[in-house]
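What follows is one structure encoded as structure tokens, with my remarks underneath.
Read-outs: derived from the displayed coordinates by stated rules, not from any lab. Since this is a predicted model, take the numbers as computed values, not measurements. All Cβ positions, glycine included, derive from the backbone under ideal geometry; neighbour counts span all protein chains shown.
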Amino acid sequence: MRDSAIEMAKRLLVDSIWKSANLEGLGTTFPKTEAILANVTTTTKTEEVLFIINMKRAWQFLLDHLDCDNNLMLLREYNKIVGELLFHYAGEIRTIPVQIGGTSWEPEMPHTGVIIDTLESIEQIEDVELKALKFFCYVARAQMFIDGNKRVAQLIANKVLIQNNIGIFQIPIEKLEEFRAMLIEFCETGNDEGIIGFMQTWCIKRICASEG
């Protein structure tokens, strides 16, 4: 049974998309996010509208496919949806170098076999919360797509938590600056201990906590 987590995800959908947009530096307000999702006229940029609508579609896909395997095919579908009309080659494994803002560190070129093996290894983790956060870390750092990697990382983390009826994954607005610093440190070092501890404390909105 996962009804409680699904209900939480639906109830907090606008909030989740708003927080994702701010993680990407769009600075979109909650009322503006709400208006765009409700198809109400508002003054905004095309990029913001596409980001928000695509994330809504990605969330709908996530909730409609909770029983899909947590594999590369699923991640590619997430990326294809979030990237539609926003960047080229959405859903395709990148074949060119990319850089991450705020650091001189550059991720390695992705290799399909390595990605598949790593995802399978993470899937074997029995601790569900740890599995969700390990998926987030790997997808965010591997940068397997041209763009949208953090969005895909959040989606797969949410899928794992929701399908196990734990809750949802969100990065609180008031913790964004701290989170970004920890993410850069993790990307540079490959050591996920600090950021996983941070996310366990601040980024998992648990059903039991919300009901209490």
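Things worth noting here:
- Here the label points at Glu126 and Val98, each 7 Å from Cα along the C-beta direction, are separated by 3.5 nm in the simple model.
- The distance separating the Cα centre of the range 136-212 from that of the range 113-128 comes to 16 Å.
- Working note: 222 nm ellipticity from helices only, DSSP H runs with n ≥ 4, each -39,500 (n - 2.57), summed and divided by the residues of the chain, gives -19000 deg cm²/dmol to the nearest 500.
- Entries of Lys56/Lys131; Lys80/Lys205; Lys19/Lys80; Lys45/Lys134 with Cα pairs more than 29 Å apart: Lys45/Lys134
- In plain terms, the C-alpha convex hull of the range 3-211 casts an average shadow of 11.1 nm² when viewed from every direction.
- In this Cβ point-charge picture (+1 for Lys and Arg, -1 for Asp and Glu), the chain has a dipole of about 620 debye about its Cα centre.
- Positive-end extreme of charge dipole, the range 3-211 - chosen from Ala38, Ala21, Leu130 (charges on Cβ): Ala38
- For the pair Gln200 and Thr118, a Förster radius of 22 Å applied to the C-beta separation gives a FRET efficiency near 0.60, rounded to the nearest 0.05.
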